[in-house]
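Below is one structure, written out as C-alpha cells; the observations come after it.
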Amino acid sequence: FFTCVDVDDASSVGYQLKTRSKRYVIPYHTAPELIDKGLDASQLLDEGFTARAIVEDLLKHGVTLSDKRMQVLSALLNEGKSTKLDLSGKRISDSGAKALSNALKVNSVIRVIGLNNNQISDEGAKALANALKVNKAIQNIYLRHNQISDKGAEALAEAIKVNAVIQSIDMRWNKISDKGAQALAEAIKVNKVIQEILLFGNKISDKGAQALADALKVNKAIWKIDLSDNQISDEGAKALADALKVNKAMWQIDLEHNQISDEG
C-alpha cells in the first residue's frame, strides 16, 4: 500500500526524501521487508534509507533477525554511536552470530551486548570468541538461554585469557558441563579483569565446582559467581568454601537449587 509522509516525518519510515516539495506519496516498506526481498546494505542506502533508520527498523521490538537481516545489521553496526546493543530474542542463529562477530572485531564503541534468548550454539560462540580476542571495547556480554555447550564455553574461555577489558559474561541456561567449567576456571586464573561469571542453570557438577574453586584461590578480581541450579553436591560446596578462606574479594557465590546438604 502507499502512505503520505511529511518531510519532517520521513525518517520515521526510513526514507530520506531527496527533493524539496513538502509532501509525497511513496511506497511504504520497512528495511526488514526490503532485506527479505533481497536488498543488501548498500542497496538500502541507495534507496534513500539512512544507516540509522535501517538499524532502528531492525532493532524494533518484535522484529526477528534472519541471517540476511543480521548481515545487513552487521554491515552498518560501525555507523552507530550507541554503547549498548540488545539483540535478545531475535532468533539469531550461528550464521547471524558469525556476521555479528566480524563487525565486532573492528567496533570500538559498543560496551554492552545482549544476545539472550537466541539460537546460538557452539559455532556461534566460537565466532564471538574470536571477536572478543581482538575487541577492546566490550565489557559485558549476555548469552543466557542459548544452546552453548562445552565446546563453545572452551572457545569463550580462550578469549577471556587474552581479553583485558571484559568484566562480565552471562551464560545462564545453556548446556555447559564440567569440561566447560574447567576451561573457564583456567581462564580466570589468567584474567585479572573479569568480575562476574554467571552459570546458573547449566550441567556443572563437583568437578567443575572444584576447578572454579581452585581458580578463585588465585583470582582476586571476581566478586560474583552464580552456580545456582546445577548438579553440585557437598564436595563441590566444600571446595568453594575453602576458596573463600583465601579469597577476600569474593562478595557473592550463588549455589541455590543444587544437591548440597547441611554438611556442604
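The values are calculated or read from the model by the stated rules, or taken from the named source; none is laboratory data. Since we're looking at a predicted model, the values are computed, not measured. Glycine gets a Cβ as well: all are built from the backbone with ideal geometry, and neighbour counts include every protein chain shown. The area values use the complete protein model at the heavy-atom level, side chains included, leaving out ligands, DNA and RNA. Shrake-Rupley method; radii C 1.70, N 1.55, O 1.52, S 1.80 Å.
What are the residues in segment 126-146 that are charged (D, E, K, R), part of a helix (DSSP H, G or I) and farther than 19 Å from Met70 by Cα, if any? Passing the criteria: only Lys133. In segment 217-225, is there at least one residue being at pLDDT below 95 and of a type in the set (Lys, Arg)? Taking every residue of segment 217-225 in turn, at least one turns out to be at pLDDT below 95 and of a type in the set (Lys, Arg).
Determine whether segment 130-139 contains at least one residue that is within 24 Å of Asp229 (Cβ to Cβ), modelled with pLDDT of 95 or more, open to solvent by less than 10 Å² (accessible area, probe 1.4 Å) and among the hydrophobic types (A, V, I, L, M, F, W, C). Looking through segment 130-139, none of the residues is within 24 Å of Asp229 (Cβ to Cβ), modelled with pLDDT of 95 or more, open to solvent by less than 10 Å² (accessible area, probe 1.4 Å) and among the hydrophobic types (A, V, I, L, M, F, W, C). Residue pairs whose Cβ atoms lie under 8 Å apart, sitting 6 or more positions apart in sequence or on different chains, and linking a residue in segment 45-58 that is at positive phi to a partner that is in a loop (DSSP other than H, G, I, E, B) and surrounded by fewer than 17 Cβ atoms within 10 Å (Cβ to Cβ), are Gly48/Gln16; Gly48/Leu17; Gly48/Lys18. When segment 77-93 is filtered for residues that are touching a helix residue (DSSP H, G or I) at 6+ places or on another chain (Cβ under 9 Å), at pLDDT 95 or above and surrounded by fewer than 21 Cβ atoms within 10 Å (Cβ to Cβ), the ones remaining, listed by number, are Asp86, Ser93.
If you go through segment 48-70 and pick out every residue that is over 26 Å from the mean Cα position of the chain (by Cα) and loosely packed, with under 15 Cβ neighbours inside 10 Å, you end up with 1. Scanning segment 95-110 for residues that are surrounded by 19 or more Cβ atoms within 10 Å (Cβ to Cβ) and touching an Asp or Glu at 6+ places or on another chain (Cβ under 6 Å) gives a single hit, Gly96.
Among residues of segment 71-98 that are under 13 Å from Ser121 (Cβ atoms) and in contact (Cβ under 8 Å) with a residue 24 or more places away in the chain, those with a Cβ under 7 angstrom from a residue that is of a type in the set (D, E, K, R) and open to solvent by less than 70 Å² (accessible area, probe 1.4 Å), sequence gap 6+ or separate chain, pair up as Ser93/Asp67; Ser95/Asp67; Gly96/Asp67.
Taken over segment 245-258, residues that are modelled with pLDDT of 95 or more and not in a strand (DSSP E or B) amount to 4. Looking across segment 215-250, the residues that are open to solvent by 10 Å² or more (accessible area, probe 1.4 Å) and closer than 22 Å to Ala164 by Cβ come down to Lys217, Val218, Lys220, Ala221, Trp223, Lys224, Ala249, Met250. Within segment 45-67, is there a residue that is under 17 Å from Asn130 (Cβ atoms) and at pLDDT 95 or above? For segment 45-67, residues under 17 Å from Asn130 (Cβ atoms) and at pLDDT 95 or above: absent. Tallying residues that are of a type in the set (Ser, Thr, Tyr) and farther than 19 Å from Lys203 by Cβ within segment 152-191 yields 1. Output the number of the condition that Arg172 fails; it satisfies all remaining conditions of (1) surrounded by fewer than 21 Cβ atoms within 10 Å (Cβ to Cβ); (2) more than 29 Å from Glu123 (Cα to Cα). For Arg172, the failing item is (2).
Just to be sure, is Gly208 buried (at least 19 other Cβ atoms within 10 Å of the Cβ) and on the phi > 0 side of the Ramachandran plot?
It is false that Gly208 is buried (at least 19 other Cβ atoms within 10 Å of the Cβ) and on the phi > 0 side of the Ramachandran plot.
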